[in-house]
Every structure is written in C-alpha cells, then in structure tokens.
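Chemist: Take a look at this one; I'll ask things after.
The values are calculated or read from the model by the stated rules, or taken from the named source; none is laboratory data. Because the structure is predicted, anything quoted here is derived from the model rather than measured. All Cβ positions, even for glycine, are placed from backbone atoms using ideal geometry, and neighbour counts span all protein chains on display.
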Amino acid sequence: MERQANSVDVGEDAHTRRTRCRIGDASRVRSPMQDAAIHLPDGYSLRLMSERDYAEISAICAAVYPSETSYTREELVSHHMVFPEGQFVVVHDESGAVAGTHFTLILRMLDFHLDDSWEVLTARGTFTDHDPAGHTLYGADLMVHPAHQHHGIGRALTVAMRGLVREKGLWRATGGSRMPGYHTVVATVTPEEYIAKVKLAELTDPVLTAHLHDGWDAVTAIEGYLPNDAESAGWAAVIQWINPACPPPEGFEITRVPRRAKK
C-alpha cells in the first residue's frame, strides 16, 4: 500500500533533533546491548539476529501465534537488511536455541492511520517501510518460546528496545498489545472501557497488564490489528513509551494521527 510521505513527525530535521536529544542525555546513552538495566536469567544471552536464527524464529512464531502465518525466511532477511540493529534475540546458552525475539523498525507515524493493522505498519511483515527519518520505534513483534516464558526474557527484550530509542535519539517506542482477556467480557464492555479498567487494575489482562507493569501506557483501542486474534475479539491496544530525554516533535500528538473512515 502506497502512502503520501509526509514531512512528519514534524519540526526540525531528524539528524539535528536526535543529536540534541543524545547530547541532552549523554550520561544515559549507551549501546542497547550493554544497558545495565537488562537483567537476563542465568544461562541466557542477548544479541542481534543472524541468518542462523531464521528457522528457529519461524518455529517460535508458530508456537506463540498458532492462528497467524509464521515469518518466512524472505521476511526475516528483509528485516536484517533494512534495520539490522533493531532485531534482537535472546539465546539459551547451553542449547544455543533462540528463546525469544523482538523485531523493531522506525516509522513516521503520520504516514499512517492510528488504527492501521499490523500488516500495513510492517509493509506485510517485510519492514520495507522502515524510515530512518522517523521519531517512533515501532515494536512489530515480541515473542518468547513457551518453554522459556516466565523468566524475564520479554522484559529484557523490552529494555533493549528502549535502549535503542535512547541510542538513536528517538522520541518514543510504540506498538500494539493483544488483549486476550477481552473475549470474556466483549458482550458487556467496549474495547475502550476494557483498556480503562485494565489501567485502573479493575480487570487483569494476561498481556496488556504485563505491558503496563513494564512501563508502557495504553493509549487507545484499535480494531483489526491482528484480525485472527479471537481471544482479543479482533481488538488491540496502542501502547507507547516516551523517551524522557527527548520532547515530542513540534505539534505532534498521537490523537492527531487520523483514523480510517468508517465504511
């Protein structure tokens, strides 16, 4: 899908802005791979994705998202080509197996609609819409193999993503969160109400609650983000984390990103 390339996020050019953000917080800028805040369990290591990981990543995708199509080798090659430093993996040291992954790309969010699907935001999973001039690091996918869950691997990958935001001098990280608990109340609670109740801890969602505990803010609900996600009733939450060292681009608010017209 082609979109008009806007000169936004708006304000000063990307290089000037990012340099200013990095200088303003120089004591905190480091390689995301070396961030002291990354706490992995013993026996696990964080590194960038390589060609040898592709088959295992596809298998993890099938295990985590059984209703979705797994990444192809061609898509993973594309991720590595367009933004290699944004593709993280955690490896189990003893077996050498990939335990978790986090795939990211940089976007200028006003090139898109707020309620665009994952397919649109990732150029159908290829990441070819990665734009170094953007100010938003989009977390396209965070997956942890079921055999390695509940060890803090997802949290470590999230911290690595935020380290990349700081290193690049970006304004924020954003993504879409599943709401797998929503199907239990879909008959009586709207998606927006569900998000509000989870934020107030009146309800607990297996995925969204964990994101909130990790410092994300849930901004709004979007329909059709992962159309085959029956547990979330086809809905997701837009989540974001703001880089405290970098103010938003001039005049930009997430609420100003247009929604698609209802048919």
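Chemist: Test G134 against the criterion of being in contact (Cβ under 8 Å) with a residue 60 or more places away in the chain and out of contact with any Pro (no Cβ under 8 Å at 6 or more places or on another chain), and give yes or no. It would help to see each step written out before you state the result.
Modeler: Values: in contact (Cβ under 8 Å) with a residue 60 or more places away in the chain: yes; out of contact with any Pro (no Cβ under 8 Å at 6 or more places or on another chain): yes.
Against the criterion (in contact (Cβ under 8 Å) with a residue 60 or more places away in the chain and out of contact with any Pro (no Cβ under 8 Å at 6 or more places or on another chain)), G134 qualifies.
The rows are residues; the columns are (1) within 23 Å of R73 (Cβ to Cβ); (2) modelled with pLDDT under 90.
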| residue | (1), (2) |
| --- | --- |
| D115 | no, yes |
| G139 | yes, no |
| H145 | yes, no |
| H148 | yes, no |
| G152 | no, no |
| G169 | no, no |
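Chemist: Given the options S78, S70, name the one that is polar (S, T, N, Q), at pLDDT 95 or above and either within 15 Å of T126 (Cα to Cα) or exposed (fewer than 11 other Cβ atoms within 10 Å of the Cβ) (or both).
Modeler: Working: S70 fails: at pLDDT 95 or above.
That would be S78, the only listed residue that is polar (S, T, N, Q), at pLDDT 95 or above and either within 15 Å of T126 (Cα to Cα) or exposed (fewer than 11 other Cβ atoms within 10 Å of the Cβ) (or both).
Chemist: Related question: Would you call E192 over 19 Å from M49 (Cβ atoms) and part of a helix (DSSP H, G or I)?
Modeler: Yes.
Chemist: Would you point out the residue of the stretch 157-180, among those that are polar (S, T, N, Q) and out of contact with any Asp or Glu (no Cβ under 6 Å at 6 or more places or on another chain), that is farthest from G234 (Cα to Cα)? Steps first, answer last, please.
Modeler: Within the stretch 157-180, the subset polar (S, T, N, Q) is 158, 174, 177.
Add one more test, that the residue is out of contact with any Asp or Glu (no Cβ under 6 Å at 6 or more places or on another chain), and what stays is 174, 177.
Details: T174: 19, S177: 11 Å.
Going through the qualifying residues, I end up with T174.
Chemist: Might you let me know whether the stretch 195-211 holds any residue that is acidic (D, E), modelled with pLDDT of 90 or more and in a loop (DSSP other than H, G, I, E, B)? So that I can check it myself, show each step before the final result.
Modeler: Within the stretch 195-211, the first condition is being acidic (D, E), and the residues that meet it are 202, 205.
Keeping just the survivors that are modelled with pLDDT of 90 or more gives 202, 205.
Narrowing the set further to residues that are in a loop (DSSP other than H, G, I, E, B) leaves 202, 205.
Within the stretch 195-211 (the criterion being acidic (D, E), modelled with pLDDT of 90 or more and in a loop (DSSP other than H, G, I, E, B)), the answer is yes, since at least one residue qualifies.
Chemist: How many residues are at pLDDT below 85 and either closer than 12 Å to L157 by Cα or surrounded by 11 or more Cβ atoms within 10 Å (Cβ to Cβ) (or both) if we restrict to the stretch 35-56? First the steps, then the outcome.
Modeler: Keep residues of the stretch 35-56 that are at pLDDT below 85, which gives 35-38.
Applying the additional criterion that residues be either closer than 12 Å to L157 by Cα or surrounded by 11 or more Cβ atoms within 10 Å (Cβ to Cβ) (or both) yields 35, 37-38.
Count: 3.
Chemist: Separate question: For the stretch 96-103, check the following and say yes or no: at least one residue is surrounded by fewer than 20 Cβ atoms within 10 Å (Cβ to Cβ) and either farther than 24 Å from E75 by Cα or more than 16 Å from the chain's Cα centre (by Cα) (or both).
Modeler: The answer is yes, given that some residue of the stretch 96-103 is surrounded by fewer than 20 Cβ atoms within 10 Å (Cβ to Cβ) and either farther than 24 Å from E75 by Cα or more than 16 Å from the chain's Cα centre (by Cα) (or both).
Chemist: Inside the stretch 117-132, can you point out the residues that are at pLDDT 90 or above, under 17 Å from E68 (Cβ atoms) and among the polar types (S, T, N, Q)?
Modeler: Scanning the stretch 117-132 gives T122, T126.
Chemist: I need the full set of residues from the stretch 45-70 which are in contact with a Cys (Cβ under 8 Å, 6 or more places away or on another chain) and either more than 15 Å from H145 (Cβ to Cβ) or among the β-branched types (V, I, T) (or both), in order please. If you could, list the steps in order and put the result at the bottom.
Modeler: Residues of the stretch 45-70 that are in contact with a Cys (Cβ under 8 Å, 6 or more places away or on another chain), as a first pass: 68, 70.
If the condition is that a residue be in contact with a Cys (Cβ under 8 Å, 6 or more places away or on another chain) and either more than 15 Å from H145 (Cβ to Cβ) or among the β-branched types (V, I, T) (or both), then E68 is the only one that fits.
Chemist: Further, regarding this structure: Kindly evaluate H183 against the criterion of being free of Cβ contacts under 8 Å to residues at least 60 places away in the same chain, of a type outside the set (G, A, S), under 24 Å from E68 (Cα atoms) and part of a loop (DSSP other than H, G, I, E, B). Show your work before the answer.
Modeler: On the way: free of Cβ contacts under 8 Å to residues at least 60 places away in the same chain: yes; of a type outside the set (G, A, S): yes; under 24 Å from E68 (Cα atoms): yes; part of a loop (DSSP other than H, G, I, E, B): no.
Spelling it out, it is not the case that H183 is free of Cβ contacts under 8 Å to residues at least 60 places away in the same chain, of a type outside the set (G, A, S), under 24 Å from E68 (Cα atoms) and part of a loop (DSSP other than H, G, I, E, B).
Chemist: Hey, any hits in the stretch 184-202 for a residue that's surrounded by 15 or more Cβ atoms within 10 Å (Cβ to Cβ), within 23 Å of A62 (Cα to Cα) and not basic (K, R)?
Modeler: no
Chemist: Next question. What is the residue count in the stretch 219-239 for residues that are part of a loop (DSSP other than H, G, I, E, B), of a type in the set (A, V, I, L, M, F, W, C), in contact (Cβ under 8 Å) with a residue 60 or more places away in the chain and buried (at least 17 other Cβ atoms within 10 Å of the Cβ)? Quick ask: steps written out before the conclusion?
Modeler: Taking the stretch 219-239 first, the residues part of a loop (DSSP other than H, G, I, E, B) are 224-234.
Still in the list and also of a type in the set (A, V, I, L, M, F, W, C): 226, 230, 233.
Next, only the ones that are in contact (Cβ under 8 Å) with a residue 60 or more places away in the chain stay: 226, 230.
Retained after the next criterion (residues that are buried (at least 17 other Cβ atoms within 10 Å of the Cβ)): 226.
The number of residues fulfilling the criteria is 1.
Residues checked against (1) part of a strand (DSSP E or B); (2) touching a residue at least 24 places away in the same chain (Cβ under 8 Å):
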site: L40; (1), (2): no, yes
site: S45; (1), (2): yes, yes
site: A55; (1), (2): no, no
site: A62; (1), (2): no, no
site: S70; (1), (2): no, no
site: E85; (1), (2): no, yes
site: V89; (1), (2): yes, yes
site: E94; (1), (2): no, yes
site: T101; (1), (2): yes, yes
